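Trainee: One structure is given below, represented as structure tokens, and several questions about it will come after.
The values are calculated or read from the model by the stated rules, or taken from the named source; none is laboratory data. Small disclaimer: the values here were computed from a predicted structure and weren't measured. Neighbour counts are summed over all protein chains in view; Cβ atoms, including those assigned to glycine, are modelled from backbone coordinates with ideal geometry.
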Ligand code: HEM
């Protein structure tokens, strides 16, 4: 396999390490009897998954897009923050590193906005600010069950911005743009209420998620590209499934309101993080991994295996959550983790392969 940018590999490796250890901690949290390096390790699951893995991946992708060496400080800081969390170093040091990395992403977007002032760049920049503020609140002692909504807002706002960019949604009408801003505003209102009125804030936040899911489902070009073939259809299928799960998580948040732990919390969070966020990662992986590594990637219909398995295993987990069926929740959660490993295997084995036929190399479709 030829990789044109091997120096980016260590940064990617830090993110992957956060993903794998975060998954391990998640299994422990779910009640699986897995060996842990120390007591309390399972509480690192959320921070490792969101700020350690996703934060590093998103910052790395944006540093590559900006093309300036200082920007790589952002993924480096978040990756080091994850390392300190895993290694059992002082929590405050890890939190400072993660905060520094998120501030770095804000700086990256400031530079990108200067080059391309557009609705999509402002949206993604706003997402980075929300992440940094969430990390700041976490450092100030806010519990993860509150901070998690700031982290979720970072992801949904960033992804919505990416869709605006990648799917050329800039061509949406002025009315649709106004609706988009209104729904983002609803999410932010939920966030601002969190410190005073947990229950109501989560319901408002859920309304924002549901509205955004509908908006994306209606306006995203994926509704049309799903009728095409190959990679283009694959991406569209992932996106549409993700918008479905985004709607489910929004409805769950509206229904359950503020719950700090347990099956309802599990259902609303993982419909979001697994059903929505990972569907977006599955969709964008064939474009982003080659861009970051400078390697070739061949689209294979086999990619549908991890997409379908995610749907099936998440359904089992959520059925377990909703019906009070502990075994379903536990087995579904374990299989969720297996699905993510399958995704990594499918992705790595597709990297560097020569295209099966002309035009099969994953490059541009939205
Ligand atoms: C794939 C396997 C996964 C398993 C087994 C798992 C397991 C869990 C469990 C058991 C909880 C606690 C729920 C409760 O209070 O009952 C939890 C919370 C959480 N999970 Fe996951 N999860 C997984 C995937 C993910 C992913 C992919 C993400 C993010 C990308 C994520 C982010 C979170 C966050 C942020 C929390 C809240 C943490 C907290 O309150 O401390 N999880 N997860």
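Trainee: Quick check, is residue 283 buried (at least 24 other Cβ atoms within 10 Å of the Cβ), in contact with a helix residue (DSSP H, G or I) (Cβ under 8 Å, 6 or more places away or on another chain), closer than 25 Å to residue 60 by Cβ and in contact (Cβ under 8 Å) with a residue 12 or more places away in the chain? Talk me through it step by step, then tell me what you get.
Mentor: Working: buried (at least 24 other Cβ atoms within 10 Å of the Cβ): yes; in contact with a helix residue (DSSP H, G or I) (Cβ under 8 Å, 6 or more places away or on another chain): yes; closer than 25 Å to residue 60 by Cβ: yes; in contact (Cβ under 8 Å) with a residue 12 or more places away in the chain: yes.
Against the criterion (buried (at least 24 other Cβ atoms within 10 Å of the Cβ), in contact with a helix residue (DSSP H, G or I) (Cβ under 8 Å, 6 or more places away or on another chain), closer than 25 Å to residue 60 by Cβ and in contact (Cβ under 8 Å) with a residue 12 or more places away in the chain), residue 283 qualifies.
Trainee: Can you confirm whether the stretch 169-176 contains a residue that is touching a residue at least 24 places away in the same chain (Cβ under 8 Å), crowded, with 18+ Cβ neighbours inside 10 Å and within 19 Å of the chain's Cα centre (by Cα)?
Mentor: No, the conditions are met nowhere in the stretch 169-176.
Trainee: Checking the structure you have, find out if any residue of the stretch 151-161 is away from the ligand (no atom under 16 Å from the Cβ) and buried (at least 22 other Cβ atoms within 10 Å of the Cβ).
Mentor: The answer is yes; a qualifying residue exists.
Trainee: What residue, among those in the stretch 19-40 that are in a helix (DSSP H, G or I) and more than 10 Å from the ligand (Cβ to nearest atom), is surrounded by the most Cβ atoms within 10 Å (Cβ to Cβ)? Spell out how you get there, then give the answer.
Mentor: Just the residues of the stretch 19-40 that are in a helix (DSSP H, G or I), to begin with: 19-29.
Going one step further and asking which of them are more than 10 Å from the ligand (Cβ to nearest atom), we end up with 20-21.
Working: 20: 17, 21: 22.
By that ranking, first place goes to 21.
Trainee: Identify the residue in the stretch 345-362 that is more than 19 Å from residue 5 (Cβ to Cβ) and not in a loop (DSSP other than H, G, I, E, B) and, among all such residues, is modelled with the lowest pLDDT.
Mentor: Ranking the candidates gives 349 first.
Trainee: Which residues, counting only those in the stretch 219-235, are part of a helix (DSSP H, G or I) and touching a residue at least 24 places away in the same chain (Cβ under 8 Å)? Explain how you work it out, then say what you get.
Mentor: The initial filter retains those residues of the stretch 219-235 that are part of a helix (DSSP H, G or I), namely 219, 222-225, 230-235.
Listed by number, the residues that qualify are 219, 222, 225, 230, 231, 232, 234, 235.
Trainee: Take residue 60 and tell me if it is closer than 28 Å to residue 260 by Cα, in a helix (DSSP H, G or I) and in contact with a helix residue (DSSP H, G or I) (Cβ under 7 Å, 6 or more places away or on another chain). Give the steps one after another, and end with the answer.
Mentor: Numbers: closer than 28 Å to residue 260 by Cα: no; in a helix (DSSP H, G or I): yes; in contact with a helix residue (DSSP H, G or I) (Cβ under 7 Å, 6 or more places away or on another chain): yes.
The answer is no for residue 60.
Trainee: Can you tell me which residue within the stretch 41-61, out of those that are farther than 20 Å from residue 124 by Cα and in contact (Cβ under 8 Å) with a residue 60 or more places away in the chain, is farthest from the ligand (Cβ to nearest atom)? Working first, answer last.
Mentor: First, pick out the residues of the stretch 41-61 that are farther than 20 Å from residue 124 by Cα: 41-48.
Right, trim to in contact (Cβ under 8 Å) with a residue 60 or more places away in the chain and you get 43, 46-47.
Working: 43: 6, 46: 3, 47: 8 Å.
The qualifying residue farthest from the ligand (Cβ to nearest atom) is 47.
Trainee: So, in the stretch 204-240, how many residues would count as being closer than 19 Å to residue 269 by Cβ and crowded, with 20+ Cβ neighbours inside 10 Å?
Mentor: Selection size over the stretch 204-240: 8.
Trainee: Restricting to the stretch 251-270, name every residue that is part of a loop (DSSP other than H, G, I, E, B), in contact with a helix residue (DSSP H, G or I) (Cβ under 8 Å, 6 or more places away or on another chain) and within 9 Å of the ligand (Cβ to nearest atom). Before you say what the answer is, go through the steps one by one.
Mentor: Step one: list which residues in the stretch 251-270 are part of a loop (DSSP other than H, G, I, E, B), which gives 257-262.
In the following step, the residues that additionally are in contact with a helix residue (DSSP H, G or I) (Cβ under 8 Å, 6 or more places away or on another chain) were identified as 257-261.
Listed by number, the residues that qualify are 259, 260, 261.
Trainee: Of these, 273, 289, 282, which one is within 8 Å of the ligand (Cβ to nearest atom) and part of a helix (DSSP H, G or I)? If you could, list the steps in order and put the result at the bottom.
Mentor: On the way: 289 fails: within 8 Å of the ligand (Cβ to nearest atom); 282 fails: within 8 Å of the ligand (Cβ to nearest atom).
Answer to the selection: 273.
Trainee: If you don't mind, there's one more thing I want to ask. Condition test on residue 247, is it more than 15 Å from the ligand (Cβ to nearest atom), surrounded by fewer than 18 Cβ atoms within 10 Å (Cβ to Cβ) and in contact (Cβ under 8 Å) with a residue 12 or more places away in the chain? Break it down into steps so the answer makes sense when it comes.
Mentor: Working: more than 15 Å from the ligand (Cβ to nearest atom): yes; surrounded by fewer than 18 Cβ atoms within 10 Å (Cβ to Cβ): no; in contact (Cβ under 8 Å) with a residue 12 or more places away in the chain: yes.
Taking the combined requirement at face value, the residue does not satisfy it.
Trainee: Now for a different question. Only one of 81, 100, 89 is surrounded by fewer than 17 Cβ atoms within 10 Å (Cβ to Cβ) and out of contact with any strand residue (DSSP E or B) (no Cβ under 7 Å at 6 or more places or on another chain). Can you tell me which?
Mentor: Values: 81 fails: surrounded by fewer than 17 Cβ atoms within 10 Å (Cβ to Cβ); 100 fails: surrounded by fewer than 17 Cβ atoms within 10 Å (Cβ to Cβ).
The unique qualifying residue is 89.
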